[in-house]
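Please read the structure below before turning to the comments.
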Amino acid sequence: MKIGFYIMALFLLPVSGICQQWQGLISLDTRTGYSTNTILNPYFGQWDRSKSSVYGFISPMGQLQWNSENYSADFAGVGVYQSLFDDREDLWGSFALMNFRRRIGSSWSLGLETGGSYFASPYKRGTIWVQPIISWSPTLFSQIRVRAGSTYLDYENIQEESGYNDRLDSYGIEFEVWPTFRWQLRAGIYGNMDQPAANQSFTLNADHRISDAIQVSARLSADRYTYQLIQENGTTDGPGLPIGRPGNINGNDPEIFDETDRMIRTGISGRFRLNQAFSISMNLDHLSLSSSSAEQMISDYQLSAGVRYTIQPKFIGRGKAEPKWEQNERQSIFLKINYSGEGQLYIIGDFNDWETPGIPLTRQSSNRYAAQLKLERGAYEYKILLIDKSDERWIDFSDQTYTVSDGFGGENGMVFIE
């Protein structure tokens, strides 16, 4: 199996964010789908288009977040059991991810990501990876990340071989931006440092939050892999595209030549949140693969639908808000708040005569909110209000927020507009 497929997937693990204290989530994903190539199945990552297959999987996940002063960390563990409803073996396994960050000033941070995975079917494969990360936020609504590190791979019972292990040194350059409060764009370039020109991957994602309950996403990825094949008597005895391992030699004087695979993947998905605990999703993906020696392009697709159940254990604690303000030349004030939790957030203060519920903040992602205000020069006190069904309460501010006493034993945030 082409090693690069697994490595690119590791870069895109959806476990990230900044938290304000100990917080946690527990979720259970279930999904059923149909695909013409198992590489399009979530978590399977194995090229096999010999049969069209209905599949289903169940995946529990636990996530824990922590922040103190200029340090923050994420911990996540995921289990997977996936079944193909034909004569092929089921897949099972798990992976864990840890991400540590140290803020340097207002726009820079250094981090370290490490983790490991183990999956079985039809052969066993394990990975361990370590990646230092440098992040720069030129504005409140954009971020650039550069990562590079090593991944150690161990395979058992792979095809005719008893085992296989290797180390892959790779890099990634990622960019994300919020053009508006409801749009998020993400792009990334990934590659192998040993052969940067031979193996590369480019990704582009666009997420649009139509409302707090409805979100749609579109994605595009382009991958390029170069490897060697051994050909004899005009035929190549190899395992097929896009595995990229040399074929077997059946005689003398074999011919060795370079082979290049180019794969384009497109997809669209939608998620609808029924309530705080349940959400449903649908996904449609298409894959096109062309090879430098093949006359015809390969085309595959998959369609799936699933349900997610999520809870936030109360014993871990409730989140704090950390407001960040930015002012442009037109006196427009942009507010961004990192907060992990359910419900709708509002900002209320001197600028609206403390009228409740206040100005709503738009949820940009699972733990990021934003708003745009028009404020004149001066100092303003404010609070953040959470409304969660019948529960209304003020959100505590983080230690990094400038606060003053509200006169009732609590705190107001304060911002100075020049």
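Within the range 65-83, identify whether any single residue is among the acidic types (Asp, Glu), open to solvent by 70 Å² or more (accessible area, probe 1.4 Å), more than 22 Å from Ser304 (Cα to Cα) and out of contact with any strand residue (DSSP E or B) (no Cβ under 6 Å at 6 or more places or on another chain), and answer yes or no.
Yes, the conditions are met somewhere in the range 65-83.
In the range 12-20 there is at least one residue that is closer than 22 Å to Asp166 by Cα and modelled with pLDDT under 80.
Applying the selection to the range 354-367, what residues are open to solvent by 40 Å² or more (accessible area, probe 1.4 Å) and on the phi > 0 side of the Ramachandran plot? Steps first, answer last, please.
The initial filter retains those residues of the range 354-367 that are open to solvent by 40 Å² or more (accessible area, probe 1.4 Å), namely 354-357, 359-360, 366.
Within the range 354-367, just Trp354 meets the criteria.
Hey, could you check the range 301-340 for residues that are of a type in the set (D, E, K, R) and either part of a strand (DSSP E or B) or within 20 Å of Leu361 (Cβ to Cβ) (or both) and say which is modelled with the highest pLDDT? Among those that are of a type in the set (D, E, K, R) and either part of a strand (DSSP E or B) or within 20 Å of Leu361 (Cβ to Cβ) (or both), it is Arg308. For the range 41-133, no strands (runs of 3 or more DSSP E) sit wholly inside it while including 3 or more residues that are under 30 Å from Gln302 (Cβ atoms), touching a residue at least 60 places away in the same chain (Cβ under 8 Å) and charged (D, E, K, R). In the range 377-395, the residue that is nearest to Glu411 (Cα to Cα) out of those that are of a type in the set (D, E, K, R) and assigned to a loop (DSSP other than H, G, I, E, B) is Arg377. Scanning the range 178-222 for residues that are touching a residue at least 40 places away in the same chain (Cβ under 8 Å), under 16 Å from Ile264 (Cβ atoms) and either of a type in the set (A, V, I, L, M) or exposed (fewer than 15 other Cβ atoms within 10 Å of the Cβ) (or both) returns Ala218, Leu220, Ala222. Residues of the range 146-166 that are at pLDDT 85 or above and either open to solvent by less than 50 Å² (accessible area, probe 1.4 Å) or within 19 Å of Gly45 (Cβ to Cβ) (or both): Arg147, Ala148, Gly149, Ser150, Thr151, Tyr152, Leu153, Asp154.
Rundown of residues vs (1) modelled with pLDDT under 85; (2) touching an Asp or Glu at 6+ places or on another chain (Cβ under 8 Å), yes/no style:
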position	(1), (2)
Pro179	yes, no
Leu204	no, no
His208	no, no
Leu220	no, no
Thr226	yes, yes
Glu232	yes, yes
Pro246	yes, no
Met263	no, yes
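Looking across the range 366-397, the residues that are free of Cβ contacts under 8 Å to residues at least 60 places away in the same chain and either in contact with a Cys (Cβ under 6 Å, 6 or more places away or on another chain) or of a type in the set (Phe, Trp, Tyr) (or both) come down to Tyr369, Tyr380, Tyr382, Trp394. Scanning the range 368-418 for residues that are crowded, with 19+ Cβ neighbours inside 10 Å, touching a Lys or Arg at 6+ places or on another chain (Cβ under 9 Å) and among the aromatic types (Phe, Trp, Tyr) turns up Tyr369, Phe397. The single condition among (1) part of a strand (DSSP E or B); (2) of a type outside the set (Val, Ile, Thr); (3) modelled with pLDDT under 85 that Phe408 does not satisfy is (1).
The values are calculated or read from the model by the stated rules, or taken from the named source; none is laboratory data. Treat the numbers as computed from the prediction; the structure is a model and nothing was measured. All Cβ positions, even for glycine, are placed from backbone atoms using ideal geometry, and neighbour counts span all protein chains on display. Please note that ligands, DNA and RNA were not included when accessible areas were found on the heavy atoms of the full protein model with its side chains. Shrake-Rupley method; radii C 1.70, N 1.55, O 1.52, S 1.80 Å.
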